[in-house]
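Structure first, commentary second.
The values are calculated or read from the model by the stated rules, or taken from the named source; none is laboratory data. Not measured: the values here are computed from a predicted model. So basically every Cβ, Gly included, is an ideal-geometry build from the backbone, and we count neighbours across all protein chains shown. For the accessible areas, the whole protein counts, side chains as well, though only heavy atoms, and no ligand, DNA or RNA atoms are used. Shrake-Rupley method; radii C 1.70, N 1.55, O 1.52, S 1.80 Å.
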Amino acid sequence: MKQIGHTLNLDGHQVYKFLNEAAALLKTEEDIITLIKTPDRELHVELPIANDKGEMEIFLGFRVQHNNSRGPSKGGIRFHKNLTIDEVRRQACLMTLKSAFLDLPFGGSHGGICCDIKTLSSNELERLTRLYMSKIDCVIGPQIDIPGPDLYADYKVMSWMLDEYSKRHGFQPACVTGKPLELFGSLGMEESGANGVLAVLDEYSKHKPIKFSGLKVAINGFGNNGTNLAKVLSEAGCTIVGVSDSTAGVYDSNGLDLSDLIEHKLVKGSVSGFDKAKQISKEELLECDCELLILASIPDLIDETNAAKIKAQTIIEVANAPITKEADYILESKGVNIIPDLIASSGELVVSYFEWIQNIQKFKWDKESINTELVRILANALDEGLAVSAENNISLRKACYVIALRRLELATRLRGFQ
């Protein structure tokens with residue numbers, strides 16, 4: 001395949017490196033892997049708004065639709081001051097791989113606005129969100145691309161996006177997911193990330209020697225998702241020995257007082273200053289003495305500089321791409337078990353899929369059905385990944401990428417892109 005014009009650098013990040021490894025194992029033709037790695041469409045938008053003082057500010061927004069060979073694109077919206085188009089591309093690629101690995105009828109997408117949400121008032125954020133939706137509206141729709149919440153985008157943001165889209169297309173709740181229940185969001189969404197991790201861990205424990213009772217757990221990323229994870233795992237019998245947020249960490253080898261810590265976090269906005277545990281840095285949290293380390297914050301947390309210092313026997317990637325390719329090799333050589341992001345961070349994606357289905361069907365599912373189906377999909381996917389891993393003597397991560405790529409390649413060929 002000869003590419004005409006400018007080509008993108010799609011080999012530098014670990015996501016593409018892992019994908020290239022899977023392509024080598026499957027002996028995928030170079031033309032096909034290039035086609036799969038290259039985004040279908042990228043939209044860059046200029047977002048000028050007047051702030052509360054009446055001053056003009058200009059923001060940049062992006063939406064990348066990575067691949068639609070297996071269905072409409074699906075992916076999050078994030079607000080971050082350091083957001084770049086390269087990061088959006090990587091996240092969109094990961095969404096494609098997740099959906100393919102889980103065998104969901106979606107492609108992958110991602111988007112967001114480069115802004116510091118902490119400096120915006122609620123009114124400014126609403127105006128910015130609505131303007132962004134109006135600018136990407138031309139490439140959004142229930143059968144085209146379905147945005148969902150991601151970093152600093154919550155149910156309020158998705159409500160504004162739904163309303164803005166509906167002004168032009170009529171009321172179509174299936175155009176976004178992560179909505180409040182009153183606007184036809186799904187039961188089980190709020191705890192979907194935590195329930196997904198618990199389901200994966202429970203299934204994983206049937207194959208590996210992991211016991212929940214007394215299991216020492218450290219959580220990097222004590223936001224909403226991390227807090228829910230701590231609660232769910234504690235109720236399952238685990239001992240939460242350490243947590244960290246964007247500013248600090250706390251550690252107690254005997255177990256943290258979760259109720260007091262969560263109350264402190266709500267009042268102070270951080271775990272910093274919590275006097276019932278040892279204060280540590282967020283970097284030290286990664287290297288603390290624990291059996292299970294949960295990575296639930298940002299990409300590239302563990303690299304070649306700290307991988308050898310990790311003490312955890314098992315790592316769960318609740319965040320997207322938190323371990324670099326170089327660190328992955330170091331950890332694998334140490335015998336650390338890694339449950340990769342393609343499955344461990346997919347609870348919200350699965351329940352978003354359920355929300356989309358309910359909106360299209362105009363029919364509500366009960367919570368028991370949602371949780372039952374969530375466990376079934378994740379358990380089946382993990383079992384398939386572990387089977388491919390054992391059959392080919394490769395890591396679980398490589399197995400997940402192999403399964404995802406095999407499905408993407410088949411769909412690409414069947415649709416005639418040869």
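Quote the relative contact order of the chain in percent (integer), defining contacts as alpha-carbon pairs under 8 Å separated by 6+ residues. Intermediate values should be presented prior to the final figure.
Details: 806 pairs, mean separation 66.2, N = 418.
After rounding, I find 16 percent.
Any chance you could check the Cα centroid distance between the range 225-288 and the range 352-402 for me, in angstrom?
First find each Cα centre; the distance between them is then 29 Å.
In the chain, which longest range has no trypsin sites (Lys or Arg not before Pro) that are both DSSP loop (not H, G, I, E or B) and surrounded by at most 16 other Cβ atoms within 10 Å? Provide the component values of the computation, followed by the final result.
Working: sites that count: LYS2, LYS27, LYS53, LYS81, LYS206, LYS211, LYS276, LYS311, LYS334, LYS362, LYS364, ARG415.
In the chain, the maximal stretch lacking such sites is 82-205.
Just the number please: accessible area per residue for the range 66-202, 1.4 Å probe, all protein chains included, in Å². Provide the component values of the computation, followed by the final result.
On the way: 4610 Å² over 137 residues.
I get 34 Å² per residue for the range 66-202.
Provide the net charge surrounding ILE377, with neighbours chosen by a C-beta distance below 12 Å and charges set as Lys +1, Arg +1, Asp -1, Glu -1.
Numbers: positive: LYS98, ARG376; negative: ASP103, GLU203, GLU373, ASP383, GLU384.
Spelling it out: positives minus negatives among the neighbours equals -3.
Roughly speaking, what is the stretch gain from LEU258 to ALA50, that is 0.36 nm per residue apart minus the C-alpha to C-alpha distance, in nm to one decimal? Show your work: numbers first, answer last.
Details: separation 208, 0.36 × 208 = 74.88 nm, distance 4.20 nm.
Extra length available between LEU258 and ALA50 comes to 70.7 nm.
Taking 0.36 nm per residue of sequence separation and subtracting the Cα-Cα distance, how much length would be gained by fully extending the chain between ILE144 and SER246, in nm to one decimal? Walk me through the numbers on the way to the answer.
Working: separation 102, 0.36 × 102 = 36.72 nm, distance 3.47 nm.
Full extension from ILE144 to SER246 adds 33.2 nm.
Let me check against my output: what whole-number percent is the relative contact order of the range 306-364, with C-alpha pairs under 8 Å and at least 6 apart? Could the numbers behind the result be given before it?
Working: 41 pairs, mean separation 23.0, N = 59.
Computed value for the range 306-364: 39 percent relative contact order.
So, with a 1.4 angstrom probe, what is the percent of accessible area on the range 84-146 that is carbon and sulfur? Display every interim value, and only then the final one.
Details: 940 of 1850 Å².
Within the range 84-146, the accessible surface is 51 percent carbon and sulfur.
If you keep only loop residues by DSSP, which GluC sites (Glu not before Pro) in the range 259-313 have at most 13 other Cβ atoms within 10 Å of their Cβ? Provide the component values of the computation, followed by the final result.
Numbers: sites: GLU263, GLU283, GLU284, GLU287, GLU291, GLU304; in loops: GLU287, GLU291, GLU304.
Answer in residue order: GLU304.
Starting from one equal scatterer on each C-alpha and no solvent at all, send me the Debye-based log10 I(q)/I(0) for the range 3-110 at q = 0.18, 0.24 Å⁻¹, two decimals.
Log10 I(q)/I(0), no solvent term: -0.91, -1.39.
Would you kindly calculate the translational diffusion coefficient of the range 45-94, applying Stokes-Einstein with the Kirkwood radius from alpha carbon pairs, for 4 °C and a viscosity of 1.567 mPa s, and quote it in µm² s⁻¹ without decimals?
101 µm²/s
Charges on Cβ only, +1 for Lys and Arg, -1 for Asp and Glu, centred on the Cα centroid of the chain; of LEU374, PRO48, ILE360, which one is farthest towards the dipole's positive end?
ILE360
Before rounding to the nearest 500, sum -39500 (n - 2.57) across all DSSP H runs of length at least 4 in the chain and divide by the residue total; then give [θ] at 222 nm in deg cm²/dmol.
Details: 14 runs with 183 residues, N = 418.
The per-residue figure over the chain is -14000 deg cm²/dmol.
Kindly give Rg over Rh for the chain, based on alpha-carbon atoms, with the Kirkwood expression for the hydrodynamic radius. Walk me through the numbers on the way to the answer.
Details: Rg = 20.9 Å, Rh = 21.9 Å.
Here the Rg-to-Rh quotient is 0.95.
What does the accessible area per residue of the range 257-401 come to in Å², with a 1.4 Å probe and no ligands, DNA or RNA counted?
I get 45 Å² per residue for this part.
In Å and whole numbers, how far do the C-alpha atoms of the range 273-418 stretch along each principal axis, longest first?
51, 41, 25
Grab the other residues whose beta carbon is less than 14 angstrom from that of ARG70, score K and R as +1, D and E as -1, and report the net.
With Lys, Arg at +1 and Asp, Glu at -1, the neighbours total +2.
In the range 8-53, what percent of the accessible surface is made up of carbon and sulfur (1.4 Å probe, ligands and nucleic acids excluded)? It would help to have the intermediate numbers written out before the result.
Working: 1120 of 2350 Å².
That share works out to 48 percent.
Can you compute the radius of gyration and Dmax for the range 85-195, using only the Cα atoms, both in Å?
Final numbers for Rg and Dmax: 14.1, 40 Å.
Springs between alpha-carbon pairs under 10 angstrom, Gaussian network model over the chain: which of ASP275, ASP103, ASP328 fluctuates most?
Greatest mean-square fluctuation among the candidates belongs to ASP275.
Under 21 Å Cα to Cα from LYS167, which lysines show up? Leave out anything in the same chain fewer than 8 places away.
Reachable lysines: LYS135, LYS156, LYS179, LYS362.
Could you check what % of the DSSP bridge pairs in the chain are antiparallel, to the nearest 5? Spell out each step's value before the answer.
On the way: 24 of 52 bridges.
Here the antiparallel bridges make up roughly 45 percent for the chain.
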